[in-house]
1. Given the conditions (1) free of Cβ contacts under 8 Å to residues at least 24 places away in the same chain; (2) β-branched (Val, Ile, Thr); (3) in contact with a strand residue (DSSP E or B) (Cβ under 9 Å, 6 or more places away or on another chain), which single one is not true for Thr138?
2. Take the conditions out of contact with any Lys or Arg (no Cβ under 8 Å at 6 or more places or on another chain) and either farther than 23 Å from Pro10 by Cβ or surrounded by 20 or more Cβ atoms within 10 Å (Cβ to Cβ) (or both) and apply them to Gln159. Does it pass?
3. Within segment 179-204, track down each residue that is of a type in the set (A, V, I, L, M) and surrounded by fewer than 19 Cβ atoms within 10 Å (Cβ to Cβ).
4. Would you point out which residue out of Val79, Val26 is crowded, with 16+ Cβ neighbours inside 10 Å, of a type in the set (Val, Ile, Thr) and either at pLDDT below 90 or assigned to a strand (DSSP E or B) (or both)?
5. Can you name the residue in segment 205-239 that is hydroxyl-bearing (Ser, Thr, Tyr) and either under 20 Å from Ser123 (Cα atoms) or crowded, with 21+ Cβ neighbours inside 10 Å (or both) and, of all such residues, is nearest to the chain's Cα centre (by Cα)?
6. Determine if segment 136-150 includes at least one residue that is modelled with pLDDT under 95, within 26 Å of the chain's Cα centre (by Cα) and outside the structural domain of Asp35 (by TED's automatic domain parsing).
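The values are calculated or read from the model by the stated rules, or taken from the named source; none is laboratory data. Remember, it's a predicted structure, so these values are computed and weren't measured experimentally. Using ideal geometry, Cβ is built from the backbone for each residue, glycine included, and neighbour counts are taken over all protein chains shown.
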Amino acid sequence: MNRWNGLQLPHLGPGLSGREAFQALVQCAHLLGFDYCSLSFLHGRAAAAAVIVYADDNFPARWRDRCRLQQHRSCDPMVTLGIDSLTPVGWSAEVFSALPGYWDDINKHGLAYGFSQLTIDASGLESVLTLGCPHAPTDLAAYEDRALLLPWLGGAAHQALLDQALPRLPSPAPSVLSNREVGVLALCAEGKTAAQTASALRISQRTVAFHIASAMDKLGAANKTAAVVRAARAGLFGSPAAPKPGCL
């Protein structure tokens, strides 16, 4: 159990199955005063390109049916709302103003108040936790205070459900990266600095940075660590085609 501000929150961590972990998340949401919650793992950093690769929720059935009809699952506005902030983002007509009718739509389907919270782990994998309820609370200050727990809760849920998401992440094709990009990432995976990588491959540090940025873009990675993880998952390291020092 986790204690927060007098509340005893259910265990949400290693050792739980996917279903047990999500049910613990639902219990946490209820204890914080929220009827509904979801956790969505994303592939693709930009909001316009973000695709939900794994998600679980207890939203009203009629809203889930609506999402399937409108194909919100590929880029749910409640999820992408949280992408550009590491702090909780509250739902409102203003934040959804770029989507005419969306705020009224979620209100009609029992989602009138809530927050979206982004989590990014060390490998660059992202998830968004959403908590919602059907009516705006009378004590807004209390709910805004509880929202301070969302970064912790989002991180705990991310780790607890990570094993459900990883198998669904697309692996890059071996031919996506150039030989030079593979070589640079392989040295990064060994813990080499930019200067050490540049020296080993007889190129400039600026060129090293260029190849890292190019690899990140091709792999859809948010940072260098995420690019290394995705390249390793695709089995790109140790390839006989890896570049030799001085090769372009």
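1. (3)
2. No; evaluated as a whole, the condition is false for this residue.
3. Ala189, Ala194, Ala195, Ala200
4. It is Val79.
5. Thr225
6. For segment 136-150, residues modelled with pLDDT under 95, within 26 Å of the chain's Cα centre (by Cα) and outside the structural domain of Asp35 (by TED's automatic domain parsing): absent.
One line per residue, one yes/no per condition, for (1) under 23 Å from Arg146 (Cβ atoms); (2) at pLDDT 85 or above; (3) not in a strand (DSSP E or B):
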{"residue": "Cys67", "(1), (2), (3)": "no, no, yes"}
{"residue": "Arg73", "(1), (2), (3)": "no, no, yes"}
{"residue": "Thr87", "(1), (2), (3)": "yes, yes, yes"}
{"residue": "Ala93", "(1), (2), (3)": "yes, yes, yes"}
{"residue": "Ser97", "(1), (2), (3)": "no, yes, yes"}
{"residue": "Ile106", "(1), (2), (3)": "yes, yes, yes"}
{"residue": "Thr119", "(1), (2), (3)": "yes, yes, no"}
{"residue": "Ser123", "(1), (2), (3)": "no, no, yes"}
{"residue": "Thr130", "(1), (2), (3)": "yes, yes, no"}
